[in-house]
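The values are calculated or read from the model by the stated rules, or taken from the named source; none is laboratory data. Quick caveat: nothing in here was measured; it's all calculated off a predicted structure. Neighbour counts run over all protein chains shown; Cβ positions are idealised from the backbone, glycine included. Remember, those area values only see protein heavy atoms, side chains included, never the ligands or the DNA or RNA. Shrake-Rupley method; radii C 1.70, N 1.55, O 1.52, S 1.80 Å.
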Amino acid sequence: MNVSIEFNQYLMKEALKEAQLAFLSGEVPVGAVVAFRGEIIARAHNRVEELGMACAHAEMLAIEDASRELGNWRLSDCVLCVTLEPCSMCIGAIRLARIPLIVYGARDERLGACGSLYDLSLDPRLGSPPRVISGVQHDECVNLMKEFFKEQRKNSTKEKILDEKQPAGLIPPGFML
């Protein structure tokens, strides 16, 4: 499957829009799109916190939507574009869905399964390996993640300061024993 650099950049721009929605929702800002024959047919962002489900990663949700859109679980003519390197759960779903091309932006040294921590994309025991293109709009993807975690740390520090201002041993107002 051949796709142009321009098409990959277009897909990443759309995935970044989804990642921004995740950011605004307080989710880790990961966005994904699935394209079929040059057209985006599914888009999603992380919804782990919102749905209270560990498997509500952007890739998983986009794959689900694409399968529904095509009426088929085999996505063998599709491209998945995601802002962060897929984890082992997501690469498993990608491989099972037979997606032949994965495009991603930022590496994930902690959980990445397409070359950073593991490389399950190349394991021939899982079927035909997909082609992986990494580093597309890398800086934009990394900067969004950094900004999110910076905000998280700042908010966490504010909460800690507020907790420390509460005098020890006092029962908070409205608290019932």
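Within the range 15-24, can you find the residues that are among the hydrophobic types (A, V, I, L, M, F, W, C) and either in a loop (DSSP other than H, G, I, E, B) or open to solvent by 20 Å² or more (accessible area, probe 1.4 Å) (or both)? Walk me through it before giving the result.
From the range 15-24, those among the hydrophobic types (A, V, I, L, M, F, W, C) are 15-16, 19, 21-24; that's our starting set.
Result: Leu16, Leu21, Phe23, Leu24.
From Leu101, Leu70, grab the single residue that is closer than 20 Å to Ser134 by Cβ and either hydrophobic (A, V, I, L, M, F, W, C) or touching a strand residue (DSSP E or B) at 6+ places or on another chain (Cβ under 6 Å) (or both).
Details: Leu70 fails: closer than 20 Å to Ser134 by Cβ.
Exactly one residue qualifies, and that residue is Leu101.
Looking at the structure I just gave you, is Val79 in contact with a Cys (Cβ under 9 Å, 6 or more places away or on another chain), not in a helix (DSSP H, G or I) and not acidic (Asp, Glu)?
Numbers: in contact with a Cys (Cβ under 9 Å, 6 or more places away or on another chain): no; not in a helix (DSSP H, G or I): yes; not acidic (Asp, Glu): yes.
Here the answer is no, as Val79 does not meet what is asked.
Check whether at least one residue in the range 47-54 is open to solvent by less than 10 Å² (accessible area, probe 1.4 Å) and either outside any helix (DSSP H, G or I) or modelled with pLDDT of 95 or more (or both), and report yes or no. Break it down stepwise before answering.
Looking only at the range 47-54, we keep the residues that are open to solvent by less than 10 Å² (accessible area, probe 1.4 Å), and these are none.
No - not one qualifying residue is present in the range 47-54.
Scanning the range 83-94 for residues that are touching a helix residue (DSSP H, G or I) at 6+ places or on another chain (Cβ under 6 Å) and closer than 11 Å to Ile63 by Cα, which turns out surrounded by the fewest Cβ atoms within 10 Å (Cβ to Cβ)? If you could, list the steps in order and put the result at the bottom.
Filtering the range 83-94 for residues touching a helix residue (DSSP H, G or I) at 6+ places or on another chain (Cβ under 6 Å) gives 83, 86, 90, 93.
Then keep just the ones that are closer than 11 Å to Ile63 by Cα; that gives 90, 93.
On the way: Cys90: 27, Ala93: 18.
The qualifying residue surrounded by the fewest Cβ atoms within 10 Å (Cβ to Cβ) is Ala93.
Keeping to the range 65-76, report how many residues are crowded, with 18+ Cβ neighbours inside 10 Å and assigned to a helix (DSSP H, G or I).
If we filter the range 65-76 for residues that are crowded, with 18+ Cβ neighbours inside 10 Å, which is where we start, we get 66-67, 75.
Then drop every residue that is not assigned to a helix (DSSP H, G or I), which leaves 66-67.
The number of residues fulfilling the criteria is 2.
Please go through the range 1-59 and pick out each residue that is in contact with an Asp or Glu (Cβ under 8 Å, 6 or more places away or on another chain) and free of Cβ contacts under 8 Å to residues at least 24 places away in the same chain.
Gly26, Glu27, Val48, Ala56
So Ile171 fits all but one of (1) open to solvent by 60 Å² or more (accessible area, probe 1.4 Å); (2) modelled with pLDDT of 95 or more; (3) outside any helix (DSSP H, G or I); what number is the exception?
Among (1) open to solvent by 60 Å² or more (accessible area, probe 1.4 Å); (2) modelled with pLDDT of 95 or more; (3) outside any helix (DSSP H, G or I), the lone unmet condition for Ile171 is (2).
Among the residues that make up the range 25-33, is at least one of them in a helix (DSSP H, G or I) and either closer than 21 Å to Cys90 by Cα or touching a Cys at 6+ places or on another chain (Cβ under 7 Å) (or both)?
Pass one, the range 25-33, residues in a helix (DSSP H, G or I): none.
No: the range 25-33 contains no residue that is in a helix (DSSP H, G or I) and either closer than 21 Å to Cys90 by Cα or touching a Cys at 6+ places or on another chain (Cβ under 7 Å) (or both).
Looking only at the range 93-147, which residues are in a loop (DSSP other than H, G, I, E, B), touching a residue at least 12 places away in the same chain (Cβ under 8 Å) and basic (Lys, Arg)?
Arg98, Arg107
Can you say whether Tyr118 is open to solvent by 70 Å² or more (accessible area, probe 1.4 Å) and of a type in the set (Ser, Thr, Tyr), as far as the supplied structure shows?
Details: open to solvent by 70 Å² or more (accessible area, probe 1.4 Å): yes; of a type in the set (Ser, Thr, Tyr): yes.
Criteria met by Tyr118.
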